[in-house]
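Right, one structure below, let's go through it.
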Amino acid sequence: MAGHKHIDEVTGVETTGHVWDNDLRELNKPLPRWWLYVFYACCVWAFGYWMVYPAWPTLSGYTQGYLGYSQRAQVMSDVKEAKAAQDTYRQAIANAAITDVKGKEDLFQFALAGGAAAFGDNCSGCHGRGAQGAVGYPNLNDDDWIWGGSLEQIEKSIAYGIRNGHEQAHATPMPRFGLDGILEPAVISDVANYVRSISGTEQVDTAAAERGKATFAEQCAACHGEDAKGNEEMGAPNLSDAIWLYGSSQEAVTQSIVTGRGGAMPAWSTRLDPVTVKMLALYVHSLGGGK
Amino acid sequence: MNSMDPSTKFTPDDFLVEAAPGVVRHDVNPVRQPKAKKTAAADASAGSWAAKPNIYPKLAHGTFRNAKWIVMLVTLGIYYVLPWIRFDRGGGLPDQFFLIDFANQRLLLGPLEIWAQEFYYVTGLLIISALGLFLVTSVAGRVWCGYACPQTVWTDLMIAVERFWQGDRNAHMRLDQSPWTFEKIWKKTATHVTWLLIGLLTGGALVFYFRDAPTLAQELLTGTAPTVAYVFVGIFTLSTYVLGGIAREQVCIYMCPWPRIQGAMLDHDSLWIAYRDVRGEPRAPHKKGQTWDGRGDCVDCKACVVVCPMGIDIRNGPQLECIQCGLCIDACNDIMDKVGRPRGLIAYTTERNLATATTGPRDGLRLIRPRTILYTVAIAIAGALMLWAMLSRSSIDVSVLPDRNPLFVKLSDGGIRNGYTVKLVNKHQVPRRFKIELTGIDGLTTTIVGHDDAGAPIEVGPSNVKALKVFAAVPRDKAKTLASDSTPLTLTVTEVDGNASSSRDTSFRSPGP
């Protein structure tokens with residue numbers, strides 16, 4: 001290039017000096033100065049950024065930057081701030097009786113939001129994201145409660161759980177009428193028919209149901225009640241309603257009687273703080289079936 | 001590199017040259033010319049960059065200059081004053097006439113309150129503005145660029161400031177070529193400080209649109225304003241300084257897409273500032289007593305070139321760089337008066353008139369053309385739609401979201417229950433009470449979480465949203481008679497103390513027949 005300035009004849013613009021195929025030249029069209037300055041400013045900015053913020057990987061880690069900024073630390077401090085902001089509410093919930101929380105609009109709304117979040121993290125694995133339950137895992141939206149549906153009862157169930165070895169857990173089991181030889185298979189079939197007839201389930205063998213009535217009074221009524229309405233103290237489900245935790249078919253009910261049923265739930269007080277348990281109880285109670 | 005720039009080549013002797021008696025012939029070449037006229041020297045600045053051409057626009061006097069001063073006064077007046085206008089809304093709401101309230105996701109404009117979810121009103125306004133710009137451009141060319149564009153207005157202001165401190169064209173050029181004397185230093189410093197102050201006021205005014213102006217002004221001055229306010233004041237101070245003070249016409253030429261787009265709106269009948277070469281050519285200096293026969297009216301004084309803020313020569317024909325500010329018309333009319341020729345050698349005219357001027361009399365202005373009709377109709381349609389939307393706007397907003405998980409819940413008595421999240425938006429600036437009613441299915445019972453009596457009125461605070469969980473249950477025998485797994489249901493919200501009402505269609509899900 002040095003000393004060589006070729007001017008293109010047609011446009012009157014200087015060329016870069018390179019020639020291809022004997023006659024092909026490239027016009028030298030310079031960039032505007034402001035563009036160049038912006039480019040330099042960006043370079044300076046980049047160097048400044050490398051100094052101040054974490055930028056380059058090294059063999060054992062990365063350059064930290066003068067500010068010592070870290071997104072992780074930022075998140076931690078944000079979380080801490082958010083926790084601190086929640087503290088007044090959490091304190092108020094901790095100090096109030098669970099039934100009083102419901103009466104205070106702002107506390108109640110806070111508890112519902114906190115309960116929903118805790119439910120998603122801890123409960124939805126078994127009960128489902130919408131608390132809709134599954135076979136063996138109760139639907140928490142409905143108004144049928146095995147261990148009671150008042151706020152206090154729900155809080156207790158969540159705090160200590162069911163059949164998990166915790167000393168305050170709900171623990172009463174249902175006998176294995178078939179496996180333990182308490183009842184003959186034919187009798188079990190009759191009782192199953194009778195149980196299904198109580199709640200008006202369709203396709204019931206009425207003759208068998210009639211035969212099973214006496215056995216029910218003898219073997220089952222102690223826990224489930226004469227009228228089969230269940231007993232929340234014993235965790236004996238109401239057999240006269242339309243909700244069947246393990247299914248309402250003849251097979252399902254027969255299996256329940258043969259093997260007994262003993263669903264379990266962890267004692268959440270050993271994993272969560274009392275305020276979270278309280279908020280969970282309020283949330284579950286608000287799903288539509290709370291008593 | 002500036003010594004290479006033709007526009008700065010200057011000796012006092014040049015002013016002795018006359019284009020006509022009493023008319024100075026300016027020694028100036030336009031810094032921007034159409035490709036064909038470019039000289040090798042103009043583009044051969046070489047190196048890896050091109051120097052920014054210096055333009056020293058001379059102050060023009062006349063109709064268009066006055067129009068530009070007035071537009072500047074009005075537009076800047078609106079910009080700086082609007083956030084300070086008060087409007088009493090009551091109900092603890094901000095009393096700023098125009099406030100973009102980000103914190104509460106709403107836009108307040110006088111009695112109007114536009115919520116974030118209603119932002120399509122603003123979209124509609126922008127569409128109408130764009131169509132308006134199309135119409136104006138198709139009728140009168142780049143009037144937006146020449147008079148009203150913020151870039152033009154602020155650049156004009158910055159040039160006025162520069163003239164105030166450093167003098168008009170000749171004095172300014174002399175100062176630039178002089179060595180760095182004390183006078184030059186303080187004049188340059190004063191110019192840049194004033195530019196920065198204008199930038200600061202611009203950035204300062206901008207943030208007032210987003211927060212109560214008097215409060216924020218106090219906070220800004222006492223150093224207690226939110227950081228983001230200072231950041232935006234800083235950004236707009238710098239951008240005003242750089243774009244208006246330094247970059248100026250380069251923004252229009254290199255950065256702005258609008259000059260390229262508007263070619264699509266122009267046609268033979270659009271008004272356009274043009275040099276009537278039929279009348280002006282052949283151009284030549286005119287001596288006292290010479291005849292005007294056989295020559296053009298243009299005395300080649302280049303008054304039109306020295307006043308041009310874009311650094312072009314209008315006599316080169318239509319150019320992308322021309323923002324059509326009309327200053328060359330002012331400059332040329334002035335000269336025509338001096339030499340005793342009719343005004344309008346440079347004037348607003350149309351391409352059709354320029355073409356027919358060679359063969360016959362000029363046509364009048366043709367305002368009604370398919371293009372202008374199309375734009376007007378489009379504006380009318382968009383405006384009517386907006387007006388209809390505004391007039392039929394409800395003072396409450398209701399949204400209903402049926403639970404998806406679970407779709408329905410079977411109750412112990414065999415009944416079926418659905419859950420809905422209902423949101424009530426009270427757009428009035430007083431608290432209001434509403435009743436919620438679900439209709440469409442026999443025997444339906446409604447409950448609202450947290451409200452013991454579903455029929456009791458529910459209060460929603462001023463300009464507030466209330467979310468409610470609503471349950472609807474159908475008993476077993478009724479559920480069995482439902483014809484499908486999804487039955488239409490209507491939720492109606494009625495104001496207890498007023499007559500506002502709104503209903504939403506939703507559905508009731510069940511296992512089906």
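The values are calculated or read from the model by the stated rules, or taken from the named source; none is laboratory data. Worth saying up front: this structure is predicted, and the values here are computed from it rather than measured. Cβ sites come from the backbone with ideal geometry, for glycine too, and all protein chains shown count toward neighbours. Remember, those area values only see protein heavy atoms, side chains included, never the ligands or the DNA or RNA. Shrake-Rupley method; radii C 1.70, N 1.55, O 1.52, S 1.80 Å.
Taken along the Cα-to-beta-carbon direction at a fixed 7 Å, the label points for B:Lys466 and B:Ile85 span 3.5 nm. Peptides A:44-51, B:296-303, B:493-500, B:423-430 ranked from most to least packed give B:296-303, B:423-430, B:493-500, A:44-51, packing being the mean of other C-beta atoms within 10 angstrom over each peptide's residues. Only Cα pairs within less than 10 Å get springs; with that Gaussian network setup on chain A, which residue of A:Lys229, A:Lys80, A:Lys156 has the largest fluctuation? In this elastic network of chain A, the residue with the biggest mean-square fluctuation among A:Lys229, A:Lys80, A:Lys156 is A:Lys80.
Note on A:Glu105 and B:Leu197: their simple-model spin labels are 5.2 nm apart, each label 7 Å out from Cα toward Cβ. With the largest listed first and rounded to whole Å, the semi-axes of the equivalent ellipsoid of region B:247-286 from the Cα gyration tensor are 29, 18, 6.
Out of every Cα-Cα pair in the protein assembly as shown, what percent are more than 46 Å apart? More than 46 Å apart: 53 percent of the Cα pairs in the protein assembly as shown. Per-residue ellipticity at 222 nm, computed for chain B from helices alone with -39500 (n - 2.57) per DSSP H run of at least four residues, works out to -11000 deg cm²/dmol. Of the solvent-accessible surface of region A:174-259, computed with a 1.4 Å probe and all protein chains present, 51% belongs to carbon and sulfur. By a 1.4 Å probe calculation restricted to protein chains, B:Ser502 has an accessible surface near 10 Å², given to the nearest 10. Normalising by residue count, chain B has a Cα convex hull of 231 Å³ per residue. Between the residues B:Ile381, A:Trp147, A:Tyr62, the greatest Cα displacement towards the positive end of the dipole of the protein assembly as shown, with unit charges on the Cβ of Lys, Arg, Asp and Glu, is found for B:Ile381. Ordered by 1.4 Å accessible area with all protein chains kept, B:Thr137, A:Thr172 run largest first as A:Thr172, B:Thr137. What the Kirkwood sum gives for chain A is a hydrodynamic radius of 25.5 Å, with every pair of different alpha carbons counted. A 1.4 Å probe run over the protein assembly as shown, with the rest of the protein chains in place, finds 53 Å² accessible per residue.
The angle separating the long axis of helix A:105-122 from the principal Cα axis of greatest extent in chain A is about 90 degrees.
Isolated cysteines in chain B, defined as those with no second cysteine Cβ under 4.7 Å, comprise B:Cys145, B:Cys149, B:Cys252, B:Cys256, B:Cys298, B:Cys301, B:Cys308, B:Cys322, B:Cys325, B:Cys332.
Of B:Arg417, B:Arg211, the order by accessible heavy-atom surface (1.4 Å probe, DNA, RNA and ligands excluded), from most exposed downward, is B:Arg211, B:Arg417. Mean per-residue shielding of peptide A:29-39 is 5, counting Cβ atoms of other chains within 10 Å of each Cβ.
Remark: region B:64-154 projects, on average over all directions, an area of 7.3 nm² (convex hull of Cα atoms).
In the distance distribution for region A:1-143, Cα-Cα pairs more than 21 Å apart total 75 percent. Per residue, what volume in Å³ does the Cα convex hull of region B:422-481 take up? About 82 Å³ per residue, rounded to a whole number. Residues considered: A:Leu245, A:Leu36, A:Leu151. Largest GNM mean-square fluctuation over chain A, using C-alpha springs under 10 Å, is found at A:Leu36. Reported to the nearest whole Å, the Cα centre-to-centre distance from region A:121-148 to region B:442-467 is 26.
Looking at the protein assembly as shown, the DSSP beta bridges with both ends there are about 95 percent antiparallel. For region A:122-229, the Cα-based Rg and Dmax, in that order, read 16.7, 46 Å. For region B:166-222, pairs of C-alpha atoms spaced more than 15 angstrom apart make up 62 percent of the total. Computing Rg and the Kirkwood Rh from the Cα coordinates of region B:209-279 gives a ratio, Rg/Rh, of 1.27. Since only B:Leu131, B:Leu401, A:Ala134 are under comparison, the one whose Cα sits farthest along the positive direction of the charge dipole of the protein assembly as shown, derived from C-beta charges on Lys, Arg, Asp and Glu, is B:Leu131.
Counting, for every residue in B:402-414, the Cβ atoms of other protein chains within 10 Å of its Cβ and taking the mean gives 6.
The overall shape of region B:410-513 is prolate: from the C-alpha gyration tensor, with semi-axes ordered a ≥ b ≥ c, the ratio a/c is 1.5 or greater and a/b exceeds b/c.
Entry for region B:240-383 at q = 0.13, 0.17 Å⁻¹: log10 I(q)/I(0) = -0.72, -1.05, Debye formula applied to identical alpha-carbon scatterers, no solvent contribution. Each peptide in A:16-26, B:171-181 gets a packing score, the mean of other Cβ atoms within 10 Å over its residues, and the list from highest to lowest is B:171-181, A:16-26. A:Met279 contributes about 10 Å² of solvent-accessible surface, heavy atoms of the protein only, 1.4 Å probe. The C-alpha radius of gyration of region B:317-403, expressed as a fraction of 2.2 N^0.38 Å, stands at 2.04. Across peptide A:139-150, the mean count of Cβ atoms from other chains lying within 10 Å of each residue's own Cβ comes to 3.
Sorted largest first, the spans of the alpha carbon positions of region B:160-289 along the three principal axes are 71, 49, 25 Å. Each residue, B:Thr181 and A:Lys291, gets one label point 7 Å from its Cα in the Cβ direction; the gap between the two is 10.1 nm.
For region A:174-259, the Cα gyration tensor yields ellipsoid semi-axes of 16, 16, 12 Å (square root of five times each eigenvalue, largest first, whole Å). Along its principal axes, region B:332-464 has C-alpha extents of 102, 31, 24 angstrom, given from the largest down.
Here is the link list: A:Lys102/B:Lys466; A:Lys83/A:Lys291; A:Lys278/B:Lys427; B:Lys187/B:Lys302. Which ones come out longer than 26 Å on Cα distance? Among A:Lys102/B:Lys466; A:Lys83/A:Lys291; A:Lys278/B:Lys427; B:Lys187/B:Lys302, the Cα-Cα distance tops 26 Å for A:Lys83/A:Lys291; A:Lys278/B:Lys427; B:Lys187/B:Lys302. Fully extending the segment from A:Leu179 to A:Ser248, taken as 0.36 nm per residue of separation minus the present Cα-Cα distance, adds 22.8 nm. Under 10 Å, Cα contacts only: if you run a Gaussian network model on chain A, which one of A:Arg163, A:Arg261, A:Arg33 comes out with the highest mean-square fluctuation? Of A:Arg163, A:Arg261, A:Arg33, the Gaussian network model singles out A:Arg33 as fluctuating most.
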